[in-house]
1. Can you give me the accessible area per residue for the chain, using a 1.4 Å probe, in Å²?
2. If you wrap a convex hull around the C-alpha atoms of segment 1-58 and split its volume per residue, what is the figure in Å³?
3. Add -39500 (n - 2.57) for each DSSP H run of 4 or more in the chain, then divide by its residues: what number comes out at 222 nm, to the nearest 500 deg cm²/dmol?
4. Please compute the contact order of the chain in relative form: average sequence separation of alpha-carbon pairs under 8 Å and at least six residues apart, divided by the residue count, as a percent.
5. Across every pair of different alpha-carbon atoms, what Kirkwood hydrodynamic radius in Å does segment 75-125 reach?
6. When the chain is treated as a GNM, springs tying every alpha-carbon pair under 10 Å, which of 40, 17, 53 comes out with the largest mean-square fluctuation?
7. Does segment 44-118 come out rounded, prolate or oblate, given a ≥ b ≥ c as the square roots of the eigenvalues of its C-alpha gyration tensor, rounded meaning a/c under 1.5 and, failing that, prolate meaning a/b above b/c?
8. Using +1 on the beta carbon of Lys and Arg, -1 on that of Asp and Glu, and nothing else charged, what's the dipole of the chain about the Cα centre, debye to 20?
Amino acid sequence: MAASAPDNLNLWLELLSFPGADPMVAIDSTCIGSDAEARSLMRASDALPTPLSDTRAPMSVADLGTITAEPTDPVPGSSRAELLTSLDDSALDALLETPIDPLLSVQVRHLGGALARATDNPHGH
């Protein structure tokens, strides 16, 4: 779905592994468009098993930071980021089949739109 997504739709997959709990998968998305357009673009996700929570709803741009419910104040932790130019099915399958322990989460974010286009800026996007 992400590979063919229009510029106004961004998606990310999050694998969550909390101590003492079964692993979870979250799909987060933003669509800068109408509610009807967003629901149409995300229709494929409706075929997934019944979610624990479905928080899809229209929101203001000011509220976009609340989508993943991540803390907004500094917290102790360690993170690492890599910018990938592609992620094929075999890499995604390996990620889903391999426990992420001792990590708490792994996020794979689709960065389309202007970030997917070439730039002549020496610093990138």
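The values are calculated or read from the model by the stated rules, or taken from the named source; none is laboratory data. A quick note: this is a predicted structure, and the numbers were derived from the prediction, not measured. Backbone-built Cβ (ideal geometry, glycine too); neighbour counts: all protein chains shown. Please note that ligands, DNA and RNA were not included when accessible areas were found on the heavy atoms of the full protein model with its side chains. Shrake-Rupley method; radii C 1.70, N 1.55, O 1.52, S 1.80 Å.
1. Values: 9820 Å² over 125 residues.
I get 79 Å² per residue for this part.
2. Numbers: hull volume 5.3 nm³, N = 58.
Dividing the Cα hull volume of segment 1-58 by its residues yields 92 Å³.
3. Values: 2 runs with 16 residues, N = 125.
Helix-only estimate at 222 nm: -3500 deg cm²/dmol.
4. Values: 92 pairs, mean separation 51.4, N = 125.
Worked out over the chain, it gives 41 percent.
5. Details: mean 1/r = 0.0727 Å⁻¹.
Result for segment 75-125, one decimal place: 13.8 Å.
6. Comparing 40, 17, 53 in a Gaussian network model of the chain, the most mobile one is 53.
7. Numbers: a/c = 1.18, a/b = 1.14, b/c = 1.03.
Rounded is the answer for segment 44-118, as its axis ratio a/c remains below 1.5.
8. Numbers: 6 positive and 18 negative charges, 47 e Å.
It comes to approximately 220 debye.
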